[in-house]
Amino acid sequence: MTNLPMELRNQLDKAGLSIGCLTVVEREAAPDGTVKYLFGLDDGSTVESVYLPDDDRHTVCFSTQVGCPMGCLFCATGQNGLTRNLTTGEIIDQILRISKFQGVTLTNLVAMGQGEPLLNYDALIKAIRIINDPKGLSMGARRITISTCGIIPGVLKLTEEQLQVNLAISLHAADDDLRNRLMPVNKKYPIVPLLKACQEYIERTGRRVTFEYTLIDGINDRPQDAANLIRLLRGMLCHVNLIPFNPVPGSPFRRSTPSQIHWFAAELNRAHIETTIRKERGTTLTAACGQLQGKFRGE
Ligand code: SF4
């Protein structure tokens with residue numbers, strides 16, 4: 001920007017600040033109104049974000065990293081590793097771009113795209129504070145959800161922030177052996193200490209925690225899985241969100257049958273654990289996290 005004074009440009013440069021915006025590399029819309037965006041970044045990397053309209057709710061699911069280091073077995077992004085963290089500007093720009101392209105005021109935000117949000121903690125919290133700020137997007141923290149695969153130090157740090165954001169934990173298994181296999185993060189942060197950190201979050205913030213549980217046929221949808229999950233969560237101020245598995249190309253996993261999904265939900269509800277089955281959105285799109293980028297790369 002040569003119309004800015006040289007001194008200011010030097011200061012911006014020294015502070016590592018840049019002025020720019022994400023470019024839309026690809027955009028896929030589904031008949032139900034869901035739109036997946038693949039955004040291009042300055043260094044040639046790409047990230048995905050998703051717009052999900054639902055009556056008067058306008059939600060954006062945004063990414064926090066290019067790729068992801070966590071290697072969850074059922075996730076396309078996890079198979080390609082981490083490239084880098086996103087900057088605060090790149091996080092916020094996904095939200096601004098989608099709001100502008102869709103011509104809507106967004107009502108809800110979810111850090112659940114590519115990457116593990118709590119491994120890019122500082123940039124994420126700074127973005128949330130800007131989103132909260134009346135001079136920023138002026139959106140209340142209660143409308144923002146952070147979804148983590150279970151980084152315990154990040155959960156504890158978030159508890160200290162007293163931000164009132166919604167915390168969602170990608171649990172996906174109710175015993176350590178199975179979770180170790182599906183989600184390598186569990187070897188470092190096993191289920192019991194993770195739930196202890198969640199309980200701390202609940203007590204300190206008064207907020208309910210959501211547990212995401214993707215149902216995979218014959219893997220984590222068996223009677224013993226429901227029993228284990230009930231044993232872990234009974235009495236906790238929580239909500240379970242059951243997600244029908246979205247097949248990843250090349251993955252041996254299959255989605256649970258509709259009757260198994262409904263049986264699993266009924267078991268949890270019978271144990272007074274509030275449970276819902278996630279409404280499927282954009283199923284004609286390249287679906288689960290990481291798959292739009294995979295398609296773009298010709299995989
Ligand atoms: S599910 Fe989430 S945490 Fe796990 S590899 Fe995929 S993007 Fe990373």
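Each value in this text was obtained by applying a stated rule to the coordinates, not by laboratory testing. Not measured: the values here are computed from a predicted model. A quick note on method: Cβ atoms are made from the backbone with ideal geometry, for glycine too, and the neighbour counts reach across all protein chains shown.
Brief remarks follow.
- Peptides 154-160, 112-118 ranked from most to least packed give 112-118, 154-160, packing being the mean of other C-beta atoms within 10 angstrom over each peptide's residues.
- The alpha carbon centroids of the range 98-162 and the range 165-198 are separated by 21 Å.
- FRET E, pair L96, T276, Förster distance 41 Å, beta-carbon r, rounded to 0.05: 0.85
- Highest mobility in the GNM of the chain, judged by mean-square fluctuation with C-alpha springs under 10 Å and restricted to G67, G235, G81, is found for G235.
- Taking amide hydrogens as placed 1.01 Å from N in the peptide plane, the amide H of D54 sits under 5 Å from those of T59, each at least 5 positions away in sequence or on another chain.
- Sequence-ordered 3J(HN,Hα) estimates for the range 81-96 from the Karplus curve with 6.51, -1.76 and 1.60 and θ = phi - 60° stand at x, 9, 9, 6, 6, 7, 7, 4, x, 5, 5, 5, 5, 4, 5, 5 Hz, glycine and proline given as x.
- Using a simple spin-label model with pseudo-atoms 7 Å out from Cα toward Cβ, S259 and M6 lie 7.8 nm apart.
- Between helix 121-132 and the chain there is an angle of about 80 degrees, using the helix long axis and the longest principal axis of the Cα atoms.
- Cross-link pairs exceeding 20 Å between alpha carbons, from the set K187/K279; K188/K279; K14/K135; K36/K100: K187/K279; K188/K279; K14/K135.
- Partner aspartates and glutamates for K157 [C-alpha distance under 13 Å; skip if fewer than 8 residues away on the same chain]: D122, E200
- In the chain, the inverse of the mean reciprocal separation of distinct Cα atoms equals 20.0 Å; this is its Kirkwood hydrodynamic radius.
- Debye, to nearest 20: dipole size of the chain, +1 on Lys, Arg Cβ, -1 on Asp, Glu Cβ: 280 debye
- Less than 5 angstrom separates the built amide H of D221 from those of I216, all sequence-distant by 5 or more or on a different chain.
- Selection of trypsin sites (Lys or Arg not before Pro), the range 217-255, meeting DSSP coil and at most 12 other Cβ within 10 Å: R234, R254
- Percent antiparallel among DSSP beta bridges (both partners in the range 21-293, rounded to 5): 45 percent
- Compared with the dominant Cα axis of the chain, that is its longest principal axis, helix 191-205 is turned about 60°.
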